[in-house]
Amino acid sequence: AGKRAPQRVALIGATGSIGKSTVDLLVRNPDRFSVVSLAAGRDHAELARLAILLRPEFVAIRDESGFEPLKEALVGTNIQIGAGREAVIEAATWDADLLVSAIVGAAGVEPTHAALQLGRDVALANKECLVCAGAPFMRAAREAGARLLPMDSEHNAIAQALGGADPATIERMIITASGGPFRTWSREAIEKATVAEALNHPNWSMGPKITVDSATMMNKGLELIEAHHLFGVPAEKLDVVVHPQSIVHGLVAFADGAVTAGMAVPDMRVPIAHCLGFPERLDAPTPRLDLAQIATLTFERPDHERFPALALALGALAAGGGLPTVLNAANEIAVEAFLAGRIAFGDIARHAAEAIDIAEKNGEAKEPASVAEALAIDHNVRDRSRRVLATSRL
Ligand code: NAD
Ligand code: MG
């Protein structure tokens, strides 16, 4: 038997936190992986650096003003370059064995969906795909025979804890939450938290949007919606438990009382390595879990009073229809406004709740029948949120 040809990997969102961790694993396994395309949003300098390191066939930058500097940086390399929305889709659908989907936000929906429609296997870090367009997105994967590998740590842990069991046979599915930087803060203090305080996550180093989502606990709400679609488990069987050490990431409870858990040190390279290696195991240079050294694992119930975003997302999951789409769009714009210093931390969940009320009153919260319909709702809500928040000043 000869040596196996390297697996062809497309990576979108290459310059972000997940992108960087993915690249770290890919470069350590050069015989096993060949990176064929890369895409990023604005950071053309970092994208050029990655392109020179990884030598893909194609690179795409979403921000069109990044085209010229990227071209200049890649002179003499033979690497094809594209810019704009279509170019990102081209990178996502570039001839590959696996797409790693690591763009942040609903911007990841179109390119990831395009790859799924081609039957491409997708390692999915971008949870907003499933919150914005869950049902049609999963249907596209099924119909095209594409495999979705969950890269989000909780869902990856659950996929491993399931150990091949049919998710329909389980009694409960539980994801853990670190509780974020405000786990022990009062509601009044959380309300007025600053950007620096919200970005100071105790356990994980991640991009700014998901870090703010972790602080509001909207992230856990988005993850419940993500779990519902990924595993086809109804809302009543899904649960969240706060676990400040972030060692246990996801649990599955069976009808006989047995519970299996997925554990690892809080390092995204663990779930990323699982997806890249699947069905085999990759060697990953992650710190090893030493339970005796950690000594104590604690668990507590989430507090919906102090973290209204979690309650809001639970409501959207239970109500279904287009509400998760609305919630996701309004949250993205509110997080942007918070990071820009235009609204208070407490306004994020308030704005998302208002957006849901408006969508319900206007009859805009019907279940999207297709990814295109979900994106139409998303764009509407985004426009309205931008208008509402444009004039806000702290
Ligand atoms: P990040 O902000 O660090 O990186 C985002 C990436 O997306 C960057 O490469 C950016 O250039 C690119 N991008 C942004 N807008 C784009 C657009 N319109 N078109 C093309 N590219 C665009 O974010 P991150 O923390 O790496 O998170 C990425 C995704 O993975 C998110 O959906 C997040 O929820 C999910 N996730 C992240 C972590 C983590 O540890 N960082 C863990 C679990 C899940
Ligand atoms: Mg997660």
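The values are calculated or read from the model by the stated rules, or taken from the named source; none is laboratory data. None of the values given here were measured: they were computed from a predicted structure. Because the Cβ atoms are built from the backbone with ideal geometry, glycine has one as well, and the counts that use them run over all protein chains shown.
For the range 283-353, which fully contained helices (runs of 4 or more DSSP H) count at least 3 residues that are among the β-branched types (V, I, T), at pLDDT 95 or above and outside the structural domain of I190 (by TED's automatic domain parsing)?
none
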query = Could you say whether any residue in the range 141-150 is in contact with a Cys (Cβ under 7 Å, 6 or more places away or on another chain) and within 16 Å of ligand 2 (Cβ to nearest atom)?
reply = yes
inquiry  = I'd like the full set of residues that are hydrophobic (A, V, I, L, M, F, W, C) and part of a helix (DSSP H, G or I), limited to the range 150-169.
reply    = A157, I158, A159, A161, L162, A168
task = Quick one: which residue in A135, A140, A177 is surrounded by 20 or more Cβ atoms within 10 Å (Cβ to Cβ), at pLDDT 95 or above and away from ligand 1 (no atom under 14 Å from the Cβ)?
result = A140
request  = Grab the helices (runs of 4 or more DSSP H) fully contained in the range 27-114, keeping just those with 1 or more residues being closer than 27 Å to L148 by Cα and more than 16 Å from ligand 2 (Cβ to nearest atom).
outcome  = 44-54, 85-92
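Which residue is farthest from ligand 1 (Cβ to nearest atom), if the candidates are limited to the range 193-224 and must be of a type in the set (S, T, N, Q), part of a helix (DSSP H, G or I) and closer than 16 Å to V104 by Cα? So that I can check it myself, show each step before the final result.
If we filter the range 193-224 for residues that are of a type in the set (S, T, N, Q), which is where we start, we get 194, 200, 203, 205, 211, 214, 216, 219.
Narrowing the set further to residues that are part of a helix (DSSP H, G or I) leaves 211, 214, 216, 219.
Now drop any that are not closer than 16 Å to V104 by Cα, which leaves 211, 214, 219.
On the way: T211: 8, S214: 9, N219: 7 Å.
Residue satisfying both the conditions and the ranking: S214.
Considering only residues that are touching a Pro at 6+ places or on another chain (Cβ under 9 Å) and in a helix (DSSP H, G or I), which ones fall in the range 354-377? Step through it out loud before you land on a result.
Residues of the range 354-377 that are touching a Pro at 6+ places or on another chain (Cβ under 9 Å), as a first pass: 368-377.
Selection gives V371, A372, E373, A374, L375, A376, I377.
Tell me yes or no: at least one residue of the range 232-249 is modelled with pLDDT of 95 or more, of a type in the set (S, T, N, Q), assigned by TED's automatic domain parsing to the domain that holds R342 and not in a strand (DSSP E or B).
Here is the first cut: in the range 232-249, the residues modelled with pLDDT of 95 or more are 232-249.
Next cut, of a type in the set (S, T, N, Q) only: 245-246.
Then drop every residue that is not assigned by TED's automatic domain parsing to the domain that holds R342, which leaves 245-246.
Those still in the list that are not in a strand (DSSP E or B) too: 245-246.
For the range 232-249, residues modelled with pLDDT of 95 or more, of a type in the set (S, T, N, Q), assigned by TED's automatic domain parsing to the domain that holds R342 and not in a strand (DSSP E or B): present.
For D24, state whether it is under 20 Å from P111 (Cα atoms) and within 16 Å of ligand 1 (Cβ to nearest atom).
Values: under 20 Å from P111 (Cα atoms): no; within 16 Å of ligand 1 (Cβ to nearest atom): yes.
Here the answer is no, as D24 does not meet what is asked.
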